[in-house]
Amino acid sequence: MTISTELANTIVDPRAYADGDRVDQAFAWLRQNAPLEQAQPEGFDPFWVVTRHADILEVERQNELFHNGDRSTVLTTIEADQKVRAMMGGSPHLVRSLVQMDNPDHLAYRRLTQGWFMPQNLRKLEDRIREIATGFLDRMAAQGGSCDFARDVAFLYPLHVIMEVIGVPETDEPRMLKLTQELFGSADPELNRTGTETYDAQTGVDTIQSVVMDFMMYFNAMTEDRRKTPREDLATVIANGEVHGQPLGHLEAMSYYIIAATAGHDTTSSTTAAALWAMAENPEQFEKVKADRSLIPGLIEESIRWATPVKHFMRTATDDAELAGKKIAKGDWLFLSYPSGNRDETVFEDPFKFRVDRTPNKHVAFGYGAHVCLGQHLARMEMRILWEEFFKRVASVEMAGEPKRMAASFVCGPKSVPIRFTLN
Amino acid sequence: MSEQPYKTWQCRTCGYIYDEEAGDPNEGLAPGTRWSDLPDTWICPLCGTPKSDFDMIEL
């Protein structure tokens, strides 16, 4: 069977992700009735929709059979794909980061910064990150009982941490945040560069390319600076690093900065904002953590499952394969739906309930296998420190208006979480 | 003869750390479970990397 056009159009519609319920209902139906079938929304090549937790793990685990880089790693229309290939000399990618790479390059490029993101290295950042977290909570407290937690805390705190790690000066952080939101929010008129709800391929590709070019101009200057004057930051590692005995290629170096400067904060921001939104709507969960801080790791894992900020990645079969009883042909494109995997009723009891004491909680929000999120330990550490400090001083939270999500089918989360709060 | 000191092992792919002293109760591994007692088929709970691709580390 093939997934109906109406349902196929829903799972690629950025507005369905802003709505939340619409996309949840679509995937719930698919998990029940068509857990692994092909879809062909209008304007797209056909692709398999992988909705179940076990099947997502199976595809991610077999990274030689299911490649990241052979076709676009992000779902894209036929027209947009043609435009990107025309611009990029036949490549389906505007950038070439770890996300678009397969072995042997993936392993070699990942090793370059892997040590930076290992738990034992991150320990040395603990005190500084705590200082940053308390600074943002001080500012929140000074706002007198209400704030937009997404805009005032969640967007800014992980941004500040990763920019310090990379070596971007604080004065440039608003620019980095704007560029990130323009990139991931390219379909959202409140965030994108055109300010309009534009879905035509030419405008979409042009807009994303102009954002990528702005990032590249910025990081090109940083590369030159770090080659002349190395520092103790990630930019110095990228600028002076070698892969396969050669300096990084220009596109690969720029892409490395871009992924660190976007995915390195936006996903943690979305998760943090979604966590507070969920706790404001489920005060008993807030009270549980307040009464027992040993639940903070549980709160973090449940927040990551709940938010699942990366909505999908695409994979391409390198050979004929069988998955969950279906014949996948060489060259087929697969859509891994992480929010669907994280609501899989066969893995998570009451998956649509936010429960800070959920255990086990083996979500797939960070991916799995060789491409598992490089920054996952940093993300968890940032959230642990923020919530440790938050629960020391905040006594209660409640919604103070209508929260809103970004409209995007790739990476998205809350864009506004208005709350009222009281302090101890 | 005294007990061997506890050791820690790290996944080469994702950095997950298995500490014998702490075990990993979420994975059903009680505190004190030795690395050598994990079956050879055991895989990293975060990324699925096989047990053979872990390194012993000192923290």
- Projected onto the charge dipole of region B:8-57 (+1 at Lys/Arg Cβ, -1 at Asp/Glu Cβ, origin at the Cα centre), which of B:14, B:29, B:57 gives the Cα projection farthest towards the positive end? B:14
- Item | Summed side-chain charge close to residue A:224 - residues other than residue A:224 whose Cβ falls under 15 Å, Lys, Arg +1, Asp, Glu -1 | +2
- Query: Taking amide hydrogens as modeled 1.01 Å from N in the peptide plane, which residues meet the under 5 Å criterion relative to residue B:24, leaving out close sequence neighbours?
  - Reply: B:29, B:30
- Please sort by residue number the GluC sites (Glu not before Pro) in region A:335-409 whose DSSP state is loop and whose Cβ has at most 14 other Cβ atoms within 10 Å. A:345, A:349
- Task: Mind putting a number on the dipole of region B:8-57 about its Cα centre? Charges go on the C-beta only, +1 for Lys and Arg and -1 for Asp and Glu, and I need it in Debye to the nearest 20.
- Result: 120 debye
- Item | J(HN,Hα) series, region B:50-59, from Karplus relation 6.51 cos²θ - 1.76 cosθ + 1.60, nearest Hz, glycine and proline x | x, 4, 5, 9, 10, 10, 6, 10, 10, 9
- Item | Cα-centre dipole for the protein assembly as shown with unit charges at Cβ (Lys and Arg positive, Asp and Glu negative), debye to 20 | 500 debye
- Query: Shape of region A:347-424 from its Cα gyration tensor (a ≥ b ≥ c, root eigenvalues): rounded if a/c is under 1.5, otherwise prolate when a/b > b/c, or oblate?
  - Reply: prolate
- Query: In peptide B:9-16, what is the residue-averaged number of other protein chain Cβ atoms found within 10 Å of each Cβ?
  - Reply: 6
- Taking a cut-off of 25 Å between Cα atoms, list the lysines near residue A:327, but don't count ones fewer than 8 places away on the same chain. A:311
- Query: Whose amide H sits under 5 Å from the amide H of residue A:405, counting only residues 5 or more places off or on another chain, with H placed in the peptide plane?
  - Reply: A:415
- Determine ³J(HN,Hα), in whole Hz, for all residues of region B:11-21 in sequence, where each value follows from phi through the Karplus function 6.51 cos²θ - 1.76 cosθ + 1.60 and θ = phi - 60°; x replaces Gly and Pro. 6, 5, 7, 10, x, 3, 10, 9, 9, 4, 5
- Provide the packing ranking of A:263-272, A:104-113, i.e. peptides ordered by the mean count of other C-beta atoms within 10 Å per residue, highest first. A:263-272, A:104-113
- Query: At what distance in nm do the modelled label points of residue A:225 and residue A:320 sit from each other, each positioned 7 Å from its Cα along Cα→Cβ?
  - Reply: 5.5 nm
- Item | More than 13 angstrom apart: percent of Cα pairs within region B:8-57 | 51 percent
- Item | Kirkwood-type radius of region A:1-148, with distances r between different C-alpha atoms, in Å | 19.3 Å
- State the Cα centre-to-centre distance between region A:73-87 and region A:139-218 in whole Å. 23 Å
- Task: Filter the cross-link list A:178/A:415; A:362/A:392; A:290/A:392 down to pairs whose alpha-carbon distance in this structure exceeds 20 Å.
- Result: A:362/A:392
- Does the protein assembly as shown come out rounded, prolate or oblate by the C-alpha gyration tensor, with a ≥ b ≥ c the root eigenvalues, rounded set by a/c under 1.5 and, if not, prolate when a/b is larger than b/c and oblate if not? rounded
- Counting Lys +1, Arg +1, Asp -1, Glu -1, what net charge surrounds residue A:171 among other residues with beta carbon under 14 Å of its beta carbon? -2
- 3J(HN,Hα) from dihedral phi, region A:382-399, Karplus parametrisation 6.51/-1.76/1.60, rounded to Hz, x for glycine, proline: 4, 5, 4, 5, 4, 5, 4, 6, 4, 6, 6, 10, 8, 8, 7, 9, 8, 5
- Residue among A:27, A:340, A:47 farthest towards the positive dipole end of chain A, charges placed on Cβ: A:340
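None of the figures in this text is laboratory data; all of them are computed from the coordinates on show. In this text the structure is predicted, and so the values were computed from the model without any measurement. Cβ atoms come from the backbone with ideal geometry, glycine included; neighbour counts cover every protein chain shown.
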